[in-house]
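Single-structure report; data block below.
The values are calculated or read from the model by the stated rules, or taken from the named source; none is laboratory data. Everything quoted here is computed from the prediction, not taken from an experiment. Because the Cβ atoms are built from the backbone with ideal geometry, glycine has one as well, and the counts that use them run over all protein chains shown.
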């Protein structure tokens, strides 16, 4: 074999490499080819009249997210990884039967990073302080932990991922007895969700969170535990649509949506948004019942994270007015009028937090001592 033939594969590889570089670089000149789902604007070489010292790194990071047809390539690569190798990326775990899981819940699932006894006591003390404050203002207080998806669907996790040997040693299982000791009311929805999943989906397959049916079960548990008689949400949801875009799916496939099933929630025109609009990820949302006759309770105040988004229509439809707030430490001072300092009559205060975020409860009562 001649020397030229020996070098042919290397020459072809190098030629292909440079051809692809040129293709993707020149492709950025085509309208829409370099549009990316994320990444921000192109960095500027000059900042305040001087050459930016970080321009090279900034441009490299920007280019890695904006080269031509990037999102299409990411989608294609994700299909290969999910369908053939059953792997995701640094944020998404590919489970079984089409289930995706959030990587941040893995430590809870494996028990690799448990909260210390001190951390659990600090979290329980914070909830106790918040509970006492709410009750001093005439409101019933209840804590709701939204279980991680793999707590409810451990059998759908990747086959090679080892579950913690003792589920009863989870952070949540260790926290609840501490709340019992302190007299803090809570709703443990794990058993109800585990029972319901035998009949229907209670979490989205391609999203981190519970679906409308799972949220219905959680709200019913809260209202029952709080002693609020209500039969608005007694029947399981049955009708489904396939138009839900999951957050985990979006992390895998930025370009091409793969829709998930969702139960249709039909609460009629029972409430309207007063402030914050219907953007469920907004910091502060206020709703008001449309009907003159209050169904359920007068006012509710719900502190929430992303799991709480699905709870909004339920609490809004059974409260004369409801406020949904995302902030840490919790704005427990919302129980008072900001101008007069007088107590605002409130029937129920709910603090909802995802299982993976239980550490965030520590010092969540900071506003009480301000």
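List, please: which pairs have Cβ atoms under 7 Å, are six or more places apart or on different chains, and start with a residue in the stretch 153-181 that is not assigned by TED's automatic domain parsing to the domain that holds residue 119 and end with one that is in a helix (DSSP H, G or I)?
Taking only residues 6 or more apart or on different chains, not a single pair turns up.
Kindly check whether there is at least one residue in the stretch 169-184 that is more than 24 Å from residue 358 (Cα to Cα) and in contact with a strand residue (DSSP E or B) (Cβ under 7 Å, 6 or more places away or on another chain).
No, there is no match, as no residue in the stretch 169-184 is more than 24 Å from residue 358 (Cα to Cα) and in contact with a strand residue (DSSP E or B) (Cβ under 7 Å, 6 or more places away or on another chain).
Here's a check for you: in the stretch 320-331, which residue that is closer than 18 Å to residue 277 by Cβ and buried (at least 21 other Cβ atoms within 10 Å of the Cβ) is farthest from the chain's Cα centre (by Cα)?
322
Each row is one residue, and each column tells you yes or no for (1) over 19 Å from the mean Cα position of the chain (by Cα); (2) more than 21 Å from residue 365 (Cβ to Cβ).
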{"residue": "281", "(1), (2)": "no, yes"}
{"residue": "303", "(1), (2)": "no, no"}
{"residue": "307", "(1), (2)": "no, no"}
{"residue": "333", "(1), (2)": "yes, no"}
{"residue": "336", "(1), (2)": "yes, no"}
{"residue": "345", "(1), (2)": "yes, yes"}
{"residue": "351", "(1), (2)": "no, no"}
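Mind checking which helices (runs of 4 or more DSSP H) fall wholly inside the stretch 105-156 and carry at least 1 residues that are within 18 Å of residue 190 (Cα to Cα), at pLDDT 95 or above and touching a strand residue (DSSP E or B) at 6+ places or on another chain (Cβ under 9 Å)? Spell out how you get there, then give the answer.
Values: elements: 106-110, 117-136, 149-152.
In the stretch 105-156, 149-152 are the helices (runs of 4 or more DSSP H) which contain 1 or more residues that are within 18 Å of residue 190 (Cα to Cα), at pLDDT 95 or above and touching a strand residue (DSSP E or B) at 6+ places or on another chain (Cβ under 9 Å).
Hey, among the residues in the stretch 242-273 that are over 18 Å from residue 311 (Cβ atoms) and in contact with a helix residue (DSSP H, G or I) (Cβ under 8 Å, 6 or more places away or on another chain), which one's surrounded by the most Cβ atoms within 10 Å (Cβ to Cβ)?
So, considering only residues that are over 18 Å from residue 311 (Cβ atoms) and in contact with a helix residue (DSSP H, G or I) (Cβ under 8 Å, 6 or more places away or on another chain), the one surrounded by the most Cβ atoms within 10 Å (Cβ to Cβ) is 252.
How many residues are touching a residue at least 60 places away in the same chain (Cβ under 8 Å) and closer than 22 Å to residue 202 by Cα if we restrict to the stretch 314-333?
Final tally of qualifying residues: 4.
Go through (1) under 25 Å from the mean Cα position of the chain (by Cα); (2) crowded, with 17+ Cβ neighbours inside 10 Å for residue 116 and report which single condition fails.
(2)
Determine which member of the set 225, 239 is surrounded by fewer than 18 Cβ atoms within 10 Å (Cβ to Cβ), over 17 Å from residue 192 (Cβ atoms), at pLDDT 90 or above and over 20 Å from the mean Cα position of the chain (by Cα).
On the way: 225 fails: over 17 Å from residue 192 (Cβ atoms).
The unique qualifying residue is 239.
Quick one: is residue 310 in contact with a helix residue (DSSP H, G or I) (Cβ under 7 Å, 6 or more places away or on another chain), buried (at least 21 other Cβ atoms within 10 Å of the Cβ) and outside any strand (DSSP E or B)?
yes
Please give the number of the condition residue 250 fails out of (1) closer than 30 Å to residue 140 by Cα; (2) assigned to a helix (DSSP H, G or I); (3) under 17 Å from the mean Cα position of the chain (by Cα).
(1)
Out of all the residues in the stretch 193-210, is one or more surrounded by fewer than 18 Cβ atoms within 10 Å (Cβ to Cβ), at pLDDT 95 or above and within 30 Å of residue 117 (Cβ to Cβ)?
Within the stretch 193-210, one or more residues are surrounded by fewer than 18 Cβ atoms within 10 Å (Cβ to Cβ), at pLDDT 95 or above and within 30 Å of residue 117 (Cβ to Cβ).
Could you list, in sequence order, the residues of the stretch 275-294 that are surrounded by 14 or more Cβ atoms within 10 Å (Cβ to Cβ) and touching a strand residue (DSSP E or B) at 6+ places or on another chain (Cβ under 7 Å)?
Correct list: 276, 285, 286, 287, 288, 289, 294.
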